[in-house]
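The values are calculated or read from the model by the stated rules, or taken from the named source; none is laboratory data. None of these values were measured; they are calculated from a predicted model. Positions of Cβ are generated from backbone atoms using ideal geometry, with glycine treated the same way; all protein chains shown enter the neighbour counts. All accessible areas refer to the heavy atoms of the entire protein, side chains included, with ligands and DNA or RNA removed. Shrake-Rupley method; radii C 1.70, N 1.55, O 1.52, S 1.80 Å.
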Amino acid sequence: MTQAALEIKDAETTALITGSEAIAVACKLADVDVITAYPIRPYDTVMQYVAKLVANGELDCEYIVAESEHSQFEIVKHASAAGARVFCGSSGVGWMYAFEALTVTPALRIPMVAMVGNRALDDPGAFGVEHNDALAVRDLGWQLVWVDNAQEALDTALIAYRVAEDRRVFLPCAISCDGAFLTHSQALVKIPSSEKVNAFLPRYDRGDLLLHPDNPITVAPQANEDWLMEIRRQTAAAMERSYTVIREVYRDFERIFGRSYGNPFFEEYETEDADIVLVGMGTLSIPVKVAIRQMRKEGKKVGFVRMRWFRPFAAEELAKSLGRFAAVGIIDRDFSLGAPYLSGVLATEVRAAMYPSAKRPPIPGFICGLGGREVTVPDVVKMSDIVYEAADGKAQPLTQWIGLRE
Amino acid sequence: MGRLFAVEIVYRGIFQKTLAKNISRAIVLAAHCEGKPGISFGRYGDSPERNGIPAKSFAIVATDDLTLEEGMAKYEPKEVDISIAVDDTLCKGVESWAWYGLQPINRLTKPGGTLIVTSREQPETLIPMCHRKEYPYQLAIVKGIPSFSGLWVYKDDHTDVRILGAIARLLPELFGLESVQKAIMQEWQDPVKASSAARSYERITSVTVRPEQGNPEEPYKFELPKWWEMGEGIAIPGIAPGHTMQDPESQKSGGYQPARNPTFKKFTTRTMRPVVNFDTCIKCTLCWLQCPDSCFDVTPEGLYDANMEACCGCGVCEAVCPVKDCVTMVNEIAFQDNASQWEMWRKDKPVYQAWLKEKIEHRPERSHGFRYRGQYEEQVPEMMEIAREDGA
């Protein structure tokens with residue numbers, strides 16, 4: 001990585017950087033105050049670039065290499081309570097080692113932004129992408145967003161700070177980047193000027209929740225059954241408000257940077273006239289889109305819905321959209337063993353989202369691309385064919401493993 | 001549908017990682033100068049890159065964004081326009097950390113594609129090292145020793161830009177020299193590097209390698225088991241204990257040869273190999289004890305034969321041997337096979353001594369890693385000579 005690649009001039013520049021470097025650049029643009037690190041692939045690529053920025057004098061922050069992921073996340077939690085804008089991240093079992101710190105963060109209303117370089121959970125030790133690491137915190141009050149390219153990684157990191165630090169929300173946000181496909185692949189990325197970023201992202205103001213001698217408060221006292229349910233309800237209310245804030249922030253992002261992401265919660269690709277659609281998260285979007293272009297040449301009208309925000313989950317909006325199609329296939333790059341119909345996490349959630357809907361198409365689920373296995377174009381064609389069969393009413397298992405040696 | 005280009009850079013991890021990354025980055029940047037989008041990435045499964053283990057970087061470029069997506073839809077390219085080996089000993093084949101068995105250096109090279117090798121050798125030396133292909137391809141040699149350019153201990157030797165200049169000449173559809181020079185100025189702001197690229201562009205030539213030329217060995221093939229065929233609990237069988245060795249002359253049994261993994265051999269990590277003078281060996285056991293890969297076979301008479309199927313070429317045996325010139329590391333390029341030195345010595349000692357002498361004379365110090373202080377300084381005159389020849 002040359003210095004030139006990370007140099008941010010006043011005007012927008014283009015640089016050849018990885019998804020991880022894009023997140024590091026966002027940290028610089030957001031002028032983050034405290035960053036903690038503990039190495040684990042593929043997240044460690046972010047900490048390396050952050051370290052380089054700090055060493056080169058381009059980023060003025062406290063950069064602390066902790067002795068474990070647990071401490072890594074505890075340190076930024078406390079720094080955030082004291083008013084610092086913070087960044088953190090991990091991958092796979094590193095994220096799991098921080099689990100206790102991850103659970104205590106949302107209720108304290110800490111707007112931490114973290115990057116999860118998605119990685120399969122051990123055992124066996126493996127580096128490839130699975131989404132189970134980030135998904136493990138889905139019930140706890142973390143906002144979760146998936147991106148599929150380096151530009152979106154940079155933009156979403158800026159958006160994440162703005163959403164998380166909104167006083168109506170004050171909840172942590174984890175940005176998921178697929179290991180290898182995004183964290184280690186260099187692509188051309190537009191880097192906005194710091195002027196624009198400053199116009200978009202106000203400074204973090206913790207207000208009455210600031211842990212400071214001038215504002216004597218105690219954070220996180222012990223509480224019993226008289227209190228806990230109300231505290232949970234408060235955190236739930238913050239997550240509910242996050243929907244509105246996310247919409248506002250994306251509108252503002254478009255206004256200031258001139259780059260539009262359309263619907264913030266999910267991207268629709270070739271859905272307008274689609275008979276059936278596939279739904280998935282992360283970089284599997286690339287082979288899916290290539291396959292869709294091929295299938296459309298053969299007259300198969302297949303579309304794709306790429307989920308960005310998994311928490312909050314835009315259930316009503318998604319149900320309304322997916323109700324238009326004859327059948328919907330869900331591609332899970334994760335597993336949830338023993339789950340309803342033995343499906344993955346995303347399939348289970350989408351089915352739950354669809355249940356109250358008047359239009360409920362068949363929703364077959366697929367487990368695919370685990371451990372970083374390539375989701376191939378033929379895999380996508382095979383899944384589409386199965387979804388077409390489901391649309392025709394053919395009985396079949398609700399969960400099928402694709403790309404498995406069987 | 002536009003055209004998709006793919007280039008692979010095969011290098012020795014970890015020493016040449018930055019070099020390979022610089023090359024793949026600059027390919028994308030040069031193509032970008034001509035309006036072609038691209039991406040650059042290291043093969044994820046190769047990491048962590050143990051010393052010397054063969055690894056790969058890729059650059060994928062297309063004439064338009066949609067075509068680029070077709071390339072990005074694959075984990076890595078299934079075929080490439082250009083394969084680059086930044087160390088000529090890689091021509092013997094590569095076995096990466098992400099194990100796929102020993103694979104030919106030119107495995108991904110397209111019909112009519114080009115293999116670029118940085119080497120001081122001639123095509124006649126390199127072609128027999130590379131596995132045969134069913135179709136003709138081009139071989140181009142960028143003169144040079146295995147470069148550490150980009151690694152902090154070595155100064156920049158322009159290997160990266162000389163390869164770029166060669167690509168502009170060999171595959172002008174990808175990008176022209178002007179774009180290479182523009183990208184060099186963007187990335188390094190160094191006009192001397194830009195002129196090195198131009199010189200390489202002018203000098204590079206290639207020869208056609210025909211299907212009947214090259215190493216006839218059948219590349220390793222394998223089929224991965226189905227999920228229900230695999231044992232449960234992520235448990236795999238260990239390596240069985242070893243056995244005695246048999247003397248090829250006397251037929252006597254004795255000593256000890258450890259059993260080894262029959263498929264994961266790792267010897268393509270090697271850039272140098274030890275040759276052993278069995279007549280001066282004092283049987284002190286140090287090489288056998290210290291070898292990190294347990295590659296020494298104990299012969300019936302208690303000598304130590306470095307097994308070339310197992311040796312990674314680290315040089316520890318040479319370092320710990322207390323006898324002067326008993327174990328000597330020799331550049332891997334001097335050898336055609338992995339035959340047992342001890343068996344050769346047992347069959348005919350004078351012939352073996354002559355062979356040993358010839359190999360040791362042919363020992364230019366071109367290993368990866370510093371074997372002694374001042375080695376780099378010793379190499380500078382050789383590199384200067386290459387530069388002069390290149391510009392002559």
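Just to be sure, is A:LYS301 within 14 Å of chain B (Cβ to nearest Cβ) and open to solvent by 10 Å² or more (accessible area, probe 1.4 Å)? For A:LYS301, the condition - within 14 Å of chain B (Cβ to nearest Cβ) and open to solvent by 10 Å² or more (accessible area, probe 1.4 Å) - is not met. Going through the range B:20-55 one residue at a time, which ones are more than 10 Å from chain A (Cβ to nearest Cβ) and modelled with pLDDT of 95 or more? Within the range B:20-55, B:ALA20, B:ILE23, B:ILE27, B:ALA30, B:ALA31, B:CYS33, B:GLU34, B:GLY35, B:LYS36 meet the criteria.
Number of residues in the range A:272-292 that are touching a Leu at 6+ places or on another chain (Cβ under 7 Å) and part of a helix (DSSP H, G or I): the value is 2.
The number of residues in the range B:42-52 that are in a loop (DSSP other than H, G, I, E, B), open to solvent by 10 Å² or more (accessible area, probe 1.4 Å) and of a type outside the set (Ser, Thr, Tyr) comes to 5.
Filtered by the rule that a residue be under 31 Å from the mean Cα position of the chain (by Cα), open to solvent by less than 100 Å² (accessible area, probe 1.4 Å) and closer than 23 Å to A:GLU406 by Cβ, the range B:225-242 gives a lone residue, B:PRO225. Answer yes or no as to whether A:ALA153 is in contact (Cβ under 8 Å) with a residue 60 or more places away in the chain and not assigned by TED's automatic domain parsing to the domain that holds A:GLY371. In short, yes. Figure legend. Inter-residue proximity from the range A:205-230: first residues of a type outside the set (A, V, I, L, M), second residues open to solvent by 70 Å² or more (accessible area, probe 1.4 Å) and modelled with pLDDT of 95 or more, beta-carbon distance below 8 Å, spacing 6+ or different chains. Indicated pairs: A:ASP205/A:ARG167; A:GLY207/A:ARG167; A:ASN215/A:ASP208.
Summed over the range A:154-192, the residues that are more than 14 Å from chain B (Cβ to nearest Cβ), in contact with a helix residue (DSSP H, G or I) (Cβ under 9 Å, 6 or more places away or on another chain) and open to solvent by 10 Å² or more (accessible area, probe 1.4 Å) give a count of 4.
Residues in the range A:365-406 that are among the aromatic types (Phe, Trp, Tyr) and either in contact with a Lys or Arg (Cβ under 9 Å, 6 or more places away or on another chain) or open to solvent by less than 30 Å² (accessible area, probe 1.4 Å) (or both): A:PHE366, A:TYR388. Of all residues in the range B:56-76, exactly one satisfies the criterion of being more than 12 Å from chain A (Cβ to nearest Cβ) and under 27 Å from A:ARG119 (Cβ atoms), namely B:LYS56.
Considering the range B:187-237, and only residues there that are within 14 Å of chain A (Cβ to nearest Cβ) and outside any loop (DSSP other than H, G, I, E, B), the residue that is nearest to B:GLU389 (Cα to Cα) turns out to be B:LYS193.
Can you name every residue in the range B:132-150 that is closer than 23 Å to B:PHE15 by Cβ, open to solvent by 20 Å² or more (accessible area, probe 1.4 Å) and out of contact with any Lys or Arg (no Cβ under 7 Å at 6 or more places or on another chain)? The answer is B:ILE141, B:GLY150.
Yes or no, residue by residue, for (1) over 27 Å from A:VAL305 (Cβ atoms); (2) of a type outside the set (Phe, Trp, Tyr); (3) modelled with pLDDT under 95; (4) open to solvent by 30 Å² or more (accessible area, probe 1.4 Å):
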residue: A:ASP205; (1), (2), (3), (4): yes, yes, no, yes
residue: A:GLU230; (1), (2), (3), (4): yes, yes, no, yes
residue: A:ARG241; (1), (2), (3), (4): no, yes, no, yes
residue: A:TYR250; (1), (2), (3), (4): no, no, no, no
residue: A:ARG255; (1), (2), (3), (4): no, yes, no, yes
residue: A:GLY262; (1), (2), (3), (4): no, yes, no, yes
residue: A:ALA274; (1), (2), (3), (4): no, yes, no, no
residue: A:GLY280; (1), (2), (3), (4): no, yes, no, no
residue: A:ILE286; (1), (2), (3), (4): no, yes, no, no
